[in-house]
Amino acid sequence: MEDPKQRLTRCISTPELERRWKATRAMMQEKKIDYLLMQNSEEFLGGSLRWFADFGARHQFPMTIIFPVDDEMTTIVCGGDPPAEQFPPAWAARGIKKRLGAVYFPTYHYTTTYDAELAAGVLKEKKKPVIGLVERAFIPITFYEHLVKQLPDATFVDATEWVDELRAIKSPEEIELTKATAALQDAAMEHLKKTIAPGIRDVDVYAEAHCFCSKNGSERGLVQVNSGPLGTMVPFDVYHFQNRTIKEGDQVSVLIEVNGPGGYYCEVMRIFTVGKKPTQELQDAYAVAVEAQEIAARLLKPGADPKELWDMNKEFLVKKGYFPPSRLFAHGQGSSLVERPSIRPDEPWKLKAGMNITVHPSAVKKDVWSIACDNYIVRENGGELLHKFPKEIIVV
C-alpha cells in the first residue's frame, strides 16, 4: 500500500512543534489560561494556525484551533457533514485530538455560527473556563458573540501579545527554513533575469515568478510587478494593473514575497531595466535605498528600539533629498507575511536575537522610485543578511 506521507511537502519537525507547545503551555499555566482559541481564513497573515498545527487556512475558508493547557488540540474546519473525515487527515495531524467540521461559509450568513457551536461544545468541557483569544482581529464577531452567549461562565482574555513574543524569536530550525525561503526567492530572481524581455506583459512576469516559486517549494505568497519608461516612477503593483506590455528601455520593478519550505516568509525586491542601462537618477536612488538598508541592518541588535530605527531612516532619506517614509520600512516575518515587531514609532517592543526582519527602505521622489528589500536575522553584532542575490539593478 502506498505511503500517504510521500505526498507531504517540507514540514515542521515534530520536536519543533513540541517545543512550541511546551513553551505555550508553560505560559498558559503561569497566566491561568485553560484554552487558547484562534481563527483565520488565509495564510498570508494567518501564521498563528500554522505555528501551532503546521496547517493553515486557505482561500477564505475559516479554520479554528482550540489549544488546551492539558490536552491535545481541536481543529474546526469548513468541511463536510459528520461523520465525514475532516481536514487535516488523521495520518498528517500531530498534536490534534479532535478534528471537527461542518458546512459553513461566511457568504451564507445563516451558517456563520456553525463553527462557534462546535467550539462551544469543546470549551464547555471545563467549568468556568478561562479562554485566551489569539489575534482577536481575525475572529469574526458572529463567532465571538455566539461563544459569549453559549459560555456565560467563561472568562475571555487577550493572549495575543505573549503568543506573538513566542512566535517572533525563531528557533534554529525556523531560521534554517527562513534561509531556504530566501534562497528560493533568490533563485526566482535569477529565473526572471532569463525571462523578462520586450513584448511580454507584467502579468507574464508575475506568472513566471509564481510558477517558479510554486515548483520549488512555495505554497503561498504575493508577487507584485510593474513596468514603465525609464525616467518615470515605477512602483510595483498588483495583478489588476499588470496588463501593460514591457518595452525596450523600460524599468521593471518586481517584489517577491512568498513563503517557502515549512511556510516561512521572506521578501526580496529588485529592479530590472530592459535593453538600456538605468538612468543616473535611478542608480542614485537605488544606492541611497541600499545605504539606508545597510545602516539599519547594522543596528539590528538585541535591545534596538524600533522608533529610533524609524527616526534614523526618515532623517537619512530626507537629508538625501527623498520623500520621508509613510508606511513600513521594516517589519518581522515568519509563518505570517507581516509579523511583530513593526519598525515604526508605535511599536512597544525592543528587538531580540533570532527575529527575522525584512528591511525595505524606499528612495522616492517626483520622477524616481526605488526600494532595497532583503531579510536579516537579528544577531548580537547586527543583522545577518539572508538573501544572496546581488544588490544591483539588473539589465536584461
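In the calculated pair distance distribution of the stretch 277-325, what percentage of Cα-Cα distances lie above 12 Å?
65 percent
At q = 0.11, 0.13, 0.20, 0.23 Å⁻¹, what base-10 log of I(q)/I(0) does the Debye formula yield for the stretch 272-396 when every alpha carbon is treated as an equal point scatterer in vacuo?
For the stretch 272-396 at q = 0.11, 0.13, 0.20, 0.23 Å⁻¹, log10 I(q)/I(0) is -0.37, -0.51, -1.09, -1.33.
Contact order normalised by length for the stretch 4-168, with contacts defined as Cα pairs under 8 Å and 6 or more residues apart; what percent is it?
Relative contact order, the stretch 4-168: 21 percent.
Need one number: the % of Cα-Cα pairs in the stretch 84-196 sitting beyond the 23 Å mark. List each step's numbers first, then the result.
Working: 3493 of 6328 pairs.
Beyond 23 Å sits 55 percent of the P(r) for the stretch 84-196.
For the pair E315 and T9, how long in nm is the line joining their label points, each one 7 Å along Cα→Cβ?
4.4 nm
What full-extension length gain, to one decimal in nm, is calculated for H59 and E380 as 0.36 nm per residue of separation minus the Cα-Cα distance?
111.6 nm
Using only Cα atoms and rounding to the nearest 10 degrees, what angle (0 to 90) does helix 306-319 make with the longest principal axis of the chain?
Taking Cα atoms only, the helix is inclined about 20 degrees.
Looking at the chain, send over the antiparallel percent of its DSSP beta bridges, to the nearest 5.
75 percent
When E125, E208 are ordered from fewest to most other Cβ atoms inside 10 Å of their Cβ, what list results?
On the way: E125 13, E208 20.
Least crowded to most crowded, the residues run E125, E208.
Using a 7 Å offset from the Cα along the Cα-to-Cβ direction at both L45 and E145, what is the distance between the two label points in nm, to one decimal?
Roughly 2.2 nm, to one decimal.
Taking one equal scatterer on every alpha-carbon of the chain, how large is log10 of I(q)/I(0) by Debye at q = 0.06, 0.13, 0.15 1/Å?
Per q value, in the given order, log10 I(q)/I(0) is -0.27, -1.10, -1.30.
Could you pull the Cα extents of the stretch 4-168 along its three principal axes, largest to smallest, in whole Å?
Rounded to whole Å, the extents work out to 44, 39, 28 Å.
Give the residues of the stretch 156-181 whose amide nitrogen is closer than 12 Å to a point set 7 Å from the Cα of K126 in the direction of its Cβ.
156-157
Could you order the peptides 186-192, 11-17 from most to least packed, using the average number of other C-beta atoms within 10 Å per residue?
186-192, 11-17
With angles folded into 0 to 90 degrees, how steeply does helix 14-31 sit against the dominant principal axis of the chain? Use alpha carbons for both and round to 10.
Once rounded, one gets 70 degrees.
Classify the stretch 172-395 as rounded, prolate or oblate from the Cα gyration tensor: take a ≥ b ≥ c as the square roots of its eigenvalues, call it rounded if a/c is under 1.5, otherwise prolate when a/b beats b/c and oblate if not.
oblate
Here, each number is a calculation from the coordinates, and none is a lab measurement. Values in this document were obtained by computation on a predicted structure and should not be read as measured data. All Cβ positions, even for glycine, are placed from backbone atoms using ideal geometry, and neighbour counts span all protein chains on display.
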